[in-house]
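Beneath this line is the structure, given in structure tokens, with notes to follow.
The values are calculated or read from the model by the stated rules, or taken from the named source; none is laboratory data. These numbers were taken from a predicted model, which means no experiment stands behind them. Don't worry about glycine lacking a Cβ; one is built from the backbone with ideal geometry, like all the others, and counts go over all protein chains shown.
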Amino acid sequence: MRTELLESQIHEPVPGSDERRLFLKLESQQPIGSFKLRGAYNKIASLSDDERARGVISYSSGNHAQGVAYAARLLRVKAVIVMPTNAPLIKREATTSMGAEIVTVGPGSAERQAKAEELAAQHGYVIVPPYNDEKIIAGQGTMGLEILEDLPEVETVLVPVGGGGMISGIATAIKLSRPSVKVIGVEPELAADAQASLRSGKIVPFAAEQVTRTMADGLRTQSVGPINFEHIRKYVDDIVTIREDETREAMRRLAANSKTIAEPSGAVAVAAFLFHRDQLPKTTLNVAVISGGNIEPKMLEEIQRQATATA
């Protein structure tokens with residue numbers, strides 16, 4: 001589903017400088033509340049009749065799980081999802097409500113991938129990876145094309161980075177169409193494996209104990225995918241990192257408008273715009289991707305209370 005590009009007023013201009021404008025790509029408007037539906041649907045729709053009859057399996061902390069479950073239901077395909085025990089309850093319940101079978105494992109992204117591969121070998125399921133797949137990347141790339149259509153003069157696009165599927169698709173779509181546009185990845189300091197990988201020129205994995213410390217559950221992957229890394233090296237201009245308090249403050253400001261409510265993973269690009277001006281291109285027309293809005297009710301209540309208190 002095509003999503004809205006909405007101009008935001010959540011930032012304050014810096015005195016004596018040209019005002020930057022920020023537009024929000026609202027992937028929270030997707031039927032599952034996240035961008036993940038794009039890649040999941042594209043992947044499952046591309047399968048042969050025989051492959052669909054075997055069923056699909058994936059591994060996810062939540063949003064990709066919902067994307068696979070939703071797409072599988074639409075296409076009448078059995079879906080099994082391997083999820084970590086620490087996945088937000090709202091995401092687990094949404095996944096089961098769409099008819100998917102859930103298998104739980106520990107918190108590490110490598111652990112859930114291994115379990116999915118084991119079950120696929122046992123039962124013949126087709127694996128629908130969360131990011132390391134060309135069809136997934138192509139599906140996520142439609143966001144980049146929509147941004148260019150809705151804001152042809154865009155200069156910089158800020159994209160959250162977990163496993164790298166979203167930024168791979170967006171960066172490839174944008175750079176092949178408009179090479180002058182800057183594409184900047186954003187990830188938490190506690191899960192900064194993508195930045196470390198880009199800096200070193202090789203994939204740098206992080207331990208599960210490290211990445212699970214971030215509140216941004218959708219960005220807790222331990223490393224970017226090999227296919228994604230090649231796209232990132234070729235098309236992404238830079239990756240910046242943000243602190244947990246910066247993510248929370250971005251969520252607070254976004255929560256002042258019901259249309260722009262974001263989960264932690266969905267707010268990181270806005271946090272970079274707000275707090276890391278010196279690390280970003282000096283551009284006027286900027287887009288931040290709100291990758292998802294599937295926030296736990298208690299967290300949302302707390303964030304909205306903070307937003308109201310400071311309004």
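Just a few scattered comments:
- Tabulated pairs, region 236-250, first assigned by TED's automatic domain parsing to the domain that holds Glu155, second modelled with pLDDT under 95, C-beta under 6 angstrom, 6+ apart or interchain: Glu244/Met215
- Region 167-212, residues that are modelled with pLDDT of 95 or more, among the charged types (D, E, K, R) and under 23 Å from Met83 (Cβ atoms): Glu187, Asp193
- Region 45-64, subset over 16 Å from Glu117 (Cβ atoms) and buried (at least 24 other Cβ atoms within 10 Å of the Cβ), residue modelled with the lowest pLDDT: Ser61
- Conditions (1) closer than 25 Å to Leu37 by Cβ; (2) assigned to a helix (DSSP H, G or I); (3) modelled with pLDDT under 95; (4) not small (Gly, Ala, Ser): number failed by Thr221: (2)
- None of Ile102, Ile170 is assigned by TED's automatic domain parsing to the domain that holds Arg52, more than 24 Å from Asp245 (Cα to Cα) and of a type in the set (A, V, I, L, M, F, W, C) except Ile102.
- Taking the numbered list (1) crowded, with 19+ Cβ neighbours inside 10 Å; (2) farther than 24 Å from Ile232 by Cβ; (3) assigned by TED's automatic domain parsing to the domain that holds Arg277 in turn, Leu158 passes all entries but (2).
- Boolean, Val236 is in contact with a His (Cβ under 7 Å, 6 or more places away or on another chain), over 23 Å from Tyr59 (Cα atoms) and buried (at least 20 other Cβ atoms within 10 Å of the Cβ): no
- Filtered residues of region 167-180 (kept if buried (at least 23 other Cβ atoms within 10 Å of the Cβ) and farther than 16 Å from Val270 by Cα): Ser168, Gly169, Ile170, Ala171, Ala173, Ile174
- Taken together, the criteria exclude Ala53 from residues that are more than 17 Å from Ala138 (Cβ to Cβ), assigned to a loop (DSSP other than H, G, I, E, B) and either without any contact (Cβ under 8 Å) to a residue 12 or more places away in the chain or not assigned by TED's automatic domain parsing to the domain that holds Pro264 (or both).
- Residue list for region 265-305, filter: outside any helix (DSSP H, G or I), modelled with pLDDT under 95 and among the β-branched types (Val, Ile, Thr): Ile295
- Inter-residue pairs, beta-carbon under 7 Å, first exposed (fewer than 12 other Cβ atoms within 10 Å of the Cβ) and in region 1-27, second hydroxyl-bearing (Ser, Thr, Tyr) and modelled with pLDDT of 95 or more, 6+ apart: Asp18/Thr284
- Residue match in region 241-264 (condition: under 24 Å from Asp133 (Cα atoms), of a type outside the set (D, E, K, R), under 15 Å from the mean Cα position of the chain (by Cα) and not in a loop (DSSP other than H, G, I, E, B)): no
- Filtering region 72-119 to residues that are crowded, with 20+ Cβ neighbours inside 10 Å and part of a helix (DSSP H, G or I) leaves Ala72, Lys91, Arg92, Ala94, Thr95, Ser109, Arg112, Gln113, Ala116.
- Residue check, Ala69 over 28 Å from Val157 (Cβ atoms), assigned to a helix (DSSP H, G or I), modelled with pLDDT of 90 or more and of a type outside the set (Lys, Arg): yes
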